Amino acid sequence: MKEPMKGNGGFWDALKGGGMPRIASMLGAPSAQQIAFVRSLTKGQRRPETLHVPLTELKTAVFDLETTGFHYHYGDEILSFGAVKVEGEDISEEVYYSLAKPACTIPERITELTGITPEMVQDAPALLEALREFMAFVDDRVLVAHGSAHDKAFLDVALWKTSKAHLGHRVLDTMMIARKLEPDCRISGLDDWLNVCGIPITQRHHALEDAKMTAQLWTVLIGRLKDRGVITLGDLYTFLSKT
């Protein structure tokens, strides 16, 4: 579930102004150990040496989130986490999926889109618990998502509200990379790029299934980048920065 986002300025302004009060209500009473553990998983993830790693050897975690809506600054929350580990161009069988119990209600349109009902999240883990498991799963890998601004903003909100931490991981956006490789393809949605790359579309708007399909797209893009002389992660950042 994605909607184009226009940067994260509003996110930080809302945090500084004490906004998003409903998000704080989903925390329950987290322990100091839980908070410290989550904080530890967000630090030191931008090591300079990673820039020299070839994309064909880069350890990544491709992920997706389902949320109660698109507007984190109005209290929308994470409903589910999905992630899959990728070793270079090889998609592993190591995956993570969890629902998360939101404090806000799930709009009917979101239930229709994702299939997640209020009953399904009634006994789901609290946000901090699911977030802790997700961060432990992705560890220090480079994160990859399609339309990553949406997912990164919701992760930032969740990390700050639960643990006063910031997401320290590098985050790559398959939508941005695909657009750079194919500037004449004026498309953005995951379905569109999956069709362009000949990747079968299975179950959409399910965090784990979307993550798996995005992982396939990422591996296709690695090959196309290699054909353009983009070999390392540093090369990719340079390629994306060119006008």
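Taking the condition open to solvent by 20 Å² or more (accessible area, probe 1.4 Å) and more than 30 Å from residue 220 (Cβ to Cβ), does residue 89 pass?
So residue 89 fails the test.
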Expected output for the stretch 177-199 (first residue in contact (Cβ under 8 Å) with a residue 60 or more places away in the chain, partner of a type in the set (Phe, Trp, Tyr) and surrounded by 14 or more Cβ atoms within 10 Å (Cβ to Cβ), Cβ below 9 Å, 6+ apart or cross-chain) is 177/218; 177/239; 180/239
Count, please, the residues in the stretch 107-118 that happen to be over 18 Å from residue 213 (Cα atoms) and buried (at least 19 other Cβ atoms within 10 Å of the Cβ).
2
What about residue 100, is it at pLDDT 70 or above and open to solvent by less than 10 Å² (accessible area, probe 1.4 Å)?
yes
Per-region count, the stretch 137-186, residues at positive phi and open to solvent by less than 20 Å² (accessible area, probe 1.4 Å)
1
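For every residue, the table says whether it meets (1) more than 16 Å from the chain's Cα centre (by Cα); (2) more than 15 Å from residue 135 (Cβ to Cβ); (3) of a type in the set (Phe, Trp, Tyr).
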site	(1), (2), (3)
70	no, yes, yes
76	no, yes, no
82	no, no, no
85	no, no, no
97	no, no, yes
100	no, no, no
Please indicate, with yes or no, whether at least one residue in the stretch 102-116 is in a strand (DSSP E or B) and either under 19 Å from residue 171 (Cβ atoms) or free of Cβ contacts under 8 Å to residues at least 12 places away in the same chain (or both).
no
Determine which member of the set 64, 76 is under 14 Å from residue 214 (Cβ atoms) and either touching a strand residue (DSSP E or B) at 6+ places or on another chain (Cβ under 7 Å) or in a helix (DSSP H, G or I) (or both).
64
List the residue pairs whose Cβ atoms are under 8 Å apart, where the first residue sits in the stretch 218-231 and is under 19 Å from residue 85 (Cβ atoms), the second is of a type in the set (Gly, Ala, Ser), and the two are 6 or more positions apart or on different chains.
221/178; 222/88
Among the listed residues 221, 208, 190, which satisfies the condition of being more than 28 Å from residue 75 (Cα to Cα) and either modelled with pLDDT of 95 or more or surrounded by fewer than 16 Cβ atoms within 10 Å (Cβ to Cβ) (or both)?
221
Are any of the residues in the stretch 119-128 closer than 14 Å to residue 68 by Cα, buried (at least 17 other Cβ atoms within 10 Å of the Cβ) and out of contact with any Leu (no Cβ under 6 Å at 6 or more places or on another chain)?
yes
Which of (1) touching a helix residue (DSSP H, G or I) at 6+ places or on another chain (Cβ under 9 Å); (2) open to solvent by 50 Å² or more (accessible area, probe 1.4 Å); (3) modelled with pLDDT of 95 or more is the odd one out, the single condition residue 242 does not satisfy?
(3)
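The values are calculated or read from the model by the stated rules, or taken from the named source; none is laboratory data. Since we're looking at a predicted model, the values are computed, not measured. Positions of Cβ are generated from backbone atoms using ideal geometry, with glycine treated the same way; all protein chains shown enter the neighbour counts. Accessible surface areas use protein heavy atoms only, side chains included; no ligands, DNA or RNA. Shrake-Rupley method; radii C 1.70, N 1.55, O 1.52, S 1.80 Å.
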